[in-house]
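Take a look at the structure set out below.
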Amino acid sequence: MSRKQEILTAASKLFSQKGFHATSIRHLAKALGVQGGSLYAHISSKEEILVEIVRRAAERFLSIGEDLSGSPVEKLRRLIQKHLEVIAEEQASATVFFHEWKFLPEEKRRQVLLWRDTYERLVQRVVEEGVEAGVFRVENPRLATLFLLSALNWTYQWYRKDGPLSLKELAEEYARLALNALGAREVEDGEA
């Protein structure tokens, strides 16, 4: 792992636990076992670290769209699995992505909102495809999208790798619940 990646990993953990404002460069240096000044050989500011953590998390979420194929039901299942994988594998970064981005300057916040909106549109397209195919029965795809994302995003608060559900079991159960919420009807090949 590169020194920059070590810094980002440690910062993700600290920002998710203490918050961006309550975490100082001194806290970060202590977590890494280095002098505070030596961090500036790898970063220009604490804000730069926050931007990089949020950018990397956004890229992970956005990359989910590259791997969606099949029927709307298959796409939704895959999307749920991949979304939960990002949260489970990058729990601290996901926490920062969901909360700490609002402490960025206006220009950087606009970029984060653009990433978030792009991902929401990706999810909404899957819902709309299901509605158009007659598989999902919802009157308001936008509201259904926000409902799905709210349920998925909140898992960072409580999911634990050593908990009672494996990630695969959690994704299967979430998919079942999501399909029920979307009014998914049985399709000929039995995928719903």
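The values are calculated or read from the model by the stated rules, or taken from the named source; none is laboratory data. If you're wondering where the values come from, they're calculated on a predicted model, not measured in any experiment. Cβ atoms come from the backbone with ideal geometry, glycine included; neighbour counts cover every protein chain shown. For accessibility, only protein heavy atoms count, side chains too; no ligands or nucleic acids. Shrake-Rupley method; radii C 1.70, N 1.55, O 1.52, S 1.80 Å.
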message = Which pairs turn up if I take residues in region 155-174 that are under 21 Å from Phe97 (Cα atoms) and look for partners that are of a type outside the set (Lys, Arg) and assigned to a loop (DSSP other than H, G, I, E, B) with beta carbon separation below 9 Å, at least 6 apart in sequence or on another chain?
response = Tyr159/Leu165; Leu167/Tyr159
inquiry  = Of all residues being of a type outside the set (A, V, I, L, M, F, W, C) and open to solvent by less than 40 Å² (accessible area, probe 1.4 Å) in region 92-110, which is farthest from Ala171 (Cα to Cα)? Just the residue, please.
reply    = Glu100
task = With the checklist (1) more than 20 Å from the chain's Cα centre (by Cα); (2) open to solvent by less than 70 Å² (accessible area, probe 1.4 Å); (3) under 13 Å from Ile7 (Cβ atoms) in hand, flag the one item Leu50 doesn't pass.
result = (1)
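Would you check if Ile80 is closer than 18 Å to Gly183 by Cβ, assigned to a helix (DSSP H, G or I) and out of contact with any strand residue (DSSP E or B) (no Cβ under 7 Å at 6 or more places or on another chain)? Break it down stepwise before answering.
Values: closer than 18 Å to Gly183 by Cβ: yes; assigned to a helix (DSSP H, G or I): yes; out of contact with any strand residue (DSSP E or B) (no Cβ under 7 Å at 6 or more places or on another chain): yes.
For Ile80, the condition - closer than 18 Å to Gly183 by Cβ, assigned to a helix (DSSP H, G or I) and out of contact with any strand residue (DSSP E or B) (no Cβ under 7 Å at 6 or more places or on another chain) - is met.
For region 142-151, does any single residue satisfy the condition of being among the hydroxyl-bearing types (Ser, Thr, Tyr) and in a helix (DSSP H, G or I)? Write out each step before concluding.
Within region 142-151, the subset among the hydroxyl-bearing types (Ser, Thr, Tyr) is 145, 150.
After this cut, where a residue has to be in a helix (DSSP H, G or I) as well, the list is 145, 150.
Checked against the condition, which is being among the hydroxyl-bearing types (Ser, Thr, Tyr) and in a helix (DSSP H, G or I), region 142-151 yields at least one hit.
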message = For region 8-65: of the residues being touching a Leu at 6+ places or on another chain (Cβ under 7 Å) and either small (Gly, Ala, Ser) or outside any helix (DSSP H, G or I) (or both), which is farthest from Leu149 (Cα to Cα)?
response = Ala29
task = For region 162-169, indicate whether the set of residues that are farther than 20 Å from Gln91 by Cα and either part of a helix (DSSP H, G or I) or open to solvent by 80 Å² or more (accessible area, probe 1.4 Å) (or both) is non-empty.
result = no
request  = Have a look at Leu50, Leu68, Leu84 and point out the one that is more than 24 Å from Lys13 (Cα to Cα) and not polar (S, T, N, Q).
outcome  = Leu68
note = Filter region 144-161 for residues that are open to solvent by 20 Å² or more (accessible area, probe 1.4 Å) and polar (S, T, N, Q); the one that is farthest from Glu120 (Cα to Cα) is Gln157
